[in-house]
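**Student:** Mind having a look at this structure? Questions to follow.
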Amino acid sequence: MKKALLCHPRKVWLAFILGFMVCVIGGAVISQGQPVLAAPGNAPYQQTSESYAGPEACGNCHTDLYETWKSTRHAQAYSSPIFQQDWQEEGSSFTCLTCHTTGFDAESNTFSHEGVTCESCHGAFEPQHPQTLMPIEPNAELCETCHQSTTAEWRASPHAGADIQCQSCHNPHSQTPRADSVTELCTNCHKDMQDTFAHSTHAEKGVECSNCHMYTPPRTEDAIMGLIPTGHTFLVGSEACIGCHQDTVHTRDTIVQLTGQSAAAPEIDTDAMEQTIVEQEAAIQNLEAQSTVRLYTGLIQGAIVGLAVGGVAAWVVSKRIKVVEEEEE
């Protein structure tokens, strides 16, 4: 009897192609599964997580500011039960951590510290500080990095036209008004308003300026991606009156603003809006380009790995040779 070793080329090639295609498809799926984030054009700092020292390091010298900050919403931006619940309902999207943590790294989906700490605004700690200062520009662009809806409302308000920035009214460390009450804060500038009939009668009943000028309807649904109206246009609409005077004001489905307040609204800057649209379209195109690049990168990486895996699979199959017996003539 003569033993003949017969291999099966079809099975070898099938094993190679199967291993190659699995790796290519896997590379494409993995590349598309990674989040594509728009570059934060207004974000003043983009360091990696390792460069952040943490709020305790700042508290070693700035003790009073650190103690004040610890009880604020900024400090509890991540640990807040409300955020944790909403975050989980949103599928624990890592994009939320851009604002609710410090030192968030979009590449690795990791962050340095929980909450909005000192370095979220002042930037990563400078080793040569205090010789090297860590100042910030106290304007709305800094706050807009996270407070997008509030800043958008502010830009449509008379305050924006008068260049009254966020820090003019808000203490950024304690996040409280820069006065004992809202009315006292407003009358620092609007001294003549408290003498008018509507303002005086309301003041006698303990109504604050913000009750009317920053009125927002009660929330009946969860916020969309954490964005809610905050009343920072400071314009009084009829819904503010209806909120208290439900028995004396006729309500209707469509609520319009009071005529006097509508006339005082600033004109819309169409050129700025068109510029914003152009920038947003460019950002969308950039995201689409990033997605395409990641897809092709994943395909190439998968192909490279697939060649190796397919070759190994073909070699393994080729070693499983069938031994047959053949009679000699």
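The values are calculated or read from the model by the stated rules, or taken from the named source; none is laboratory data. Remember, it's a predicted structure, so these values are computed and weren't measured experimentally. Please note: Cβ atoms are built from the backbone with ideal geometry, for glycine as well, and neighbour counts cover all protein chains shown.
**Student:** Could you tell me which of the residues Gln76, Gln85 is closer than 21 Å to Pro172 by Cα, surrounded by 11 or more Cβ atoms within 10 Å (Cβ to Cβ) and not basic (Lys, Arg)?
**Tutor:** Details: Gln85 fails: closer than 21 Å to Pro172 by Cα.
Matching residue, one of Gln76, Gln85: Gln76.
**Student:** Can we say Thr132 is surrounded by fewer than 16 Cβ atoms within 10 Å (Cβ to Cβ), without any contact (Cβ under 8 Å) to a residue 40 or more places away in the chain and in contact with a strand residue (DSSP E or B) (Cβ under 9 Å, 6 or more places away or on another chain)?
**Tutor:** On the way: surrounded by fewer than 16 Cβ atoms within 10 Å (Cβ to Cβ): yes; without any contact (Cβ under 8 Å) to a residue 40 or more places away in the chain: yes; in contact with a strand residue (DSSP E or B) (Cβ under 9 Å, 6 or more places away or on another chain): no.
Answer is no for this residue.
**Student:** Kindly indicate whether Ile277 is under 27 Å from Ile17 (Cα atoms), under 40 Å from the mean Cα position of the chain (by Cα) and modelled with pLDDT of 75 or more. Before you say what the answer is, go through the steps one by one.
**Tutor:** Details: under 27 Å from Ile17 (Cα atoms): no; under 40 Å from the mean Cα position of the chain (by Cα): yes; modelled with pLDDT of 75 or more: yes.
The answer is no for Ile277.
**Student:** Please determine whether any residue of segment 89-108 is touching a residue at least 40 places away in the same chain (Cβ under 8 Å), in contact with a Gly (Cβ under 6 Å, 6 or more places away or on another chain) and not hydrophobic (A, V, I, L, M, F, W, C).
**Tutor:** no
**Student:** Sticking with this structure for a sec: Might you check whether a residue that is touching a His at 6+ places or on another chain (Cβ under 7 Å), surrounded by 11 or more Cβ atoms within 10 Å (Cβ to Cβ) and more than 23 Å from His170 (Cα to Cα) occurs anywhere in segment 96-104?
**Tutor:** Yes - at least one qualifying residue is present in segment 96-104.
**Student:** Could you say which residue among Ala75, Ala140 is at pLDDT below 90 and among the aliphatic types (A, V, I, L, M)? Please lay out each step first, then the result.
**Tutor:** Numbers: Ala75 fails: at pLDDT below 90.
Selected residue: Ala140, the only one of Ala75, Ala140 that is at pLDDT below 90 and among the aliphatic types (A, V, I, L, M).
**Student:** Select, from Gln175, Gln165, Gln148, the only residue that is under 25 Å from Cys118 (Cα atoms) and surrounded by 17 or more Cβ atoms within 10 Å (Cβ to Cβ).
**Tutor:** Values: Gln175 fails: surrounded by 17 or more Cβ atoms within 10 Å (Cβ to Cβ); Gln148 fails: surrounded by 17 or more Cβ atoms within 10 Å (Cβ to Cβ).
Testing whether each residue is under 25 Å from Cys118 (Cα atoms) and surrounded by 17 or more Cβ atoms within 10 Å (Cβ to Cβ) leaves just Gln165.
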